[in-house]
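Working notes, beginning with the structure itself.
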Amino acid sequence: TEAHIASVEAADALNAYIAKTPELALEQADKADAKIGAGEQKGMTGIPVGIKDLFATKGVHTQACSHILDGFKPEYESTVTQNLWDDGAVMLGKLNMDEFAMGSSNETSFYGPVKNPWRRGDTDTVPGGSSGGSVASVAGFAAMGATASDTGGSIRQPASFTGTFGFKPTYGRCSRYGMVAFASSLDQAGTITRTVRDGAIMMESISGFDTKDSTSVDIPVPNFEAALTGDIRGMKIGIPQEYHLAGMPGEIEALWHQGIEWMKAAGAEIVDINLPHTKYALPTYYIVAPAEASSNLARYDGVRYGLRETVEGGGLVDMYEATRAAGFGDEVKRRIMIGTYVLSAGYYDAYYLKAQKVRQLIANDFKMAFEKVDAILTPTAPSAAFAPGEKSDDPIAMYLNDVFTVPASLAGLPGSSVPVGLDANGLPLGLQILGKPWDEETVFKVSGVME
Ligand code: GLN
């Protein structure tokens, strides 16, 4: 823990940590020592981790990197982090992220952008988003693991950009209690680690049914680490033909092909599959997610939490308006406007309801594919890490980076991003493994073979 506290300081230039908790870490480390002494050691006992700023941590900075939550220190602990502390893990601090987890480059944080420890020659690159602080801290050796959240790819895409292992479980596997809500029907907690085995150990710790979240599901949590047998002989791996995007860098296609060869060499059978509604996934996600976000973010009114901006001589509505105008960043405002528009009378049927129906079609595509295969292999993202500012003025270009991650989010499936190679500039690239609902074990098993 002491070594990690020093590493956190040494990694300051990454801007990964927005709050550090060294005293708390040392206290928790003492408790971990006691647990080990008493023979109560678990996989996470004494392991120093970073926590994404959207998990409520009692008495500690929790703002989802938004100005509107200024000064907010919750009175309660999220279930995911509580599970870690119960197992003896140690918190190094809170990690930077895109504001309210909206973004794919960690450039929308109120606390400024995060730097990717991987650079393109002399040029900085973004760490991906929204879990930019989580991946930068782990890739930069300033945490052994980090919590993260994935609504449309925020674990998998940044993992791909930083050469880390990202894991998003089935929707309902982890409790959302104490996670700052973005789009409640999509949000899932997960992990960033340097290896697949670390991911299995940390995921097992944070998973499990919780009566405090009505969408968490009462299914026993398997021993994920035990799934890492390396044996995928006879397993069927699906390759979705719709993911061969026109214009995708040749290196990513080549890496995907390499992944296919690794699967074959390990004795798996490759099966071409079709996910015909893939092309509708991005537009569907960018209707459903903002719609839910606009509703979830209505609670930030200047009364209940954080920031309050009053207007001289003004009333309550003026206070609401001034607070929300000052407290939310541009991307968050864009989502709120899109969300309220697609939910408004007259447009609801054309946009929101239509998107819900297409979401079901996308889920059905996966359901049919999984009648034929055990797991699906795709690239994680259509590009390697890009330069800061490269896409931040063009929301559509930014949204396009989520093309391979959002379909599984809409279907609630478990998925990973495994670091498997480098591009010509020496930047990491990941491949994505998707599994059947509640079959995280297969995702881990196949990930372990590719690592
Ligand atoms: N990049 C996507 C978005 O901006 C996904 C974010 C996430 O998974 N939290 O909505």
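The values are calculated or read from the model by the stated rules, or taken from the named source; none is laboratory data. Quantities reported herein were computed from a predicted structural model and do not represent experimental measurements. When we count neighbours, we look across all protein chains shown, and the Cβ atoms used for this are built from the backbone with ideal geometry, even at glycine.
Points to keep in mind about this one:
- Scan of the range 250-271 for residues that are charged (D, E, K, R) and under 20 Å from Gly430 (Cα atoms), ordered by number: Glu251, Glu253, Glu261, Lys264
- For the range 1-48, the tally of residues that are part of a loop (DSSP other than H, G, I, E, B) and surrounded by 14 or more Cβ atoms within 10 Å (Cβ to Cβ) stands at 12.
- Options Ser216, Ser185, Ser149; residue that is out of contact with any strand residue (DSSP E or B) (no Cβ under 9 Å at 6 or more places or on another chain), within 20 Å of Ser78 (Cα to Cα), buried (at least 20 other Cβ atoms within 10 Å of the Cβ) and not hydrophobic (A, V, I, L, M, F, W, C): Ser216
- Qualifying residue in the range 283-294 (condition: touching a Gly at 6+ places or on another chain (Cβ under 8 Å) and under 27 Å from Asp423 (Cα atoms)): no
- Of all residues in the range 264-283, one or more are modelled with pLDDT of 95 or more, among the small types (Gly, Ala, Ser), exposed (fewer than 15 other Cβ atoms within 10 Å of the Cβ) and at negative phi.
- Only listed residue being β-branched (Val, Ile, Thr), under 27 Å from Leu69 (Cβ atoms) and surrounded by 14 or more Cβ atoms within 10 Å (Cβ to Cβ), chosen from Val332, Val311, Val317, Val358: Val332
- Residue that is farthest from the ligand (Cβ to nearest atom) [pool: residues in the range 83-122 that are outside any loop (DSSP other than H, G, I, E, B) and within 25 Å of Ala6 (Cβ to Cβ)]: Val90
- Count of residues meeting criterion [over 12 Å from Val138 (Cα atoms), buried (at least 24 other Cβ atoms within 10 Å of the Cβ) and out of contact with any Gly (no Cβ under 7 Å at 6 or more places or on another chain)] in the range 191-202: 1
- Residue check, Ala322 surrounded by fewer than 17 Cβ atoms within 10 Å (Cβ to Cβ), more than 16 Å from the ligand (Cβ to nearest atom) and at pLDDT 95 or above: no
- Near pairs, Cβ below 7 angstrom, 6+ apart or cross-chain, from the range 141-154 (touching a residue at least 12 places away in the same chain (Cβ under 8 Å) and within 17 Å of Met44 (Cα to Cα)) to any residue that is among the charged types (D, E, K, R) and within 16 Å of the ligand (Cβ to nearest atom): Ala146/Lys52; Thr147/Lys52; Ala148/Lys52
Let's see how each residue does on (1) farther than 28 Å from Arg335 by Cβ; (2) buried (at least 21 other Cβ atoms within 10 Å of the Cβ); (3) of a type in the set (S, T, N, Q):
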| residue | (1), (2), (3) |
| --- | --- |
| Leu377 | yes, yes, no |
| Ala381 | no, yes, no |
| Tyr399 | no, no, no |
| Asp402 | no, yes, no |
| Val406 | no, yes, no |
| Gly426 | yes, no, no |
| Glu451 | yes, no, no |
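- Spans of helices (runs of 4 or more DSSP H) in the range 128-229 with at least 1 residues at negative phi, away from the ligand (no atom under 16 Å from the Cβ) and hydroxyl-bearing (Ser, Thr, Tyr): 132-139, 196-206
- Criterion: over 17 Å from Gly152 (Cα atoms) and within 16 Å of the ligand (Cβ to nearest atom) - qualifying residue of Gly314, Gly267, Gly329: Gly329
- Flag if Ser416 is within 15 Å of the ligand (Cβ to nearest atom), in a strand (DSSP E or B) and modelled with pLDDT of 95 or more: yes
- Filtered by the rule that a residue be hydrophobic (A, V, I, L, M, F, W, C) and either at positive phi or out of contact with any Phe, Trp or Tyr (no Cβ under 8 Å at 6 or more places or on another chain) (or both), the range 1-31 gives Ala3, Ile5, Ala6, Ala10, Ala13, Leu14, Ala16, Ala19, Leu24, Ala25, Leu26, Ala29.
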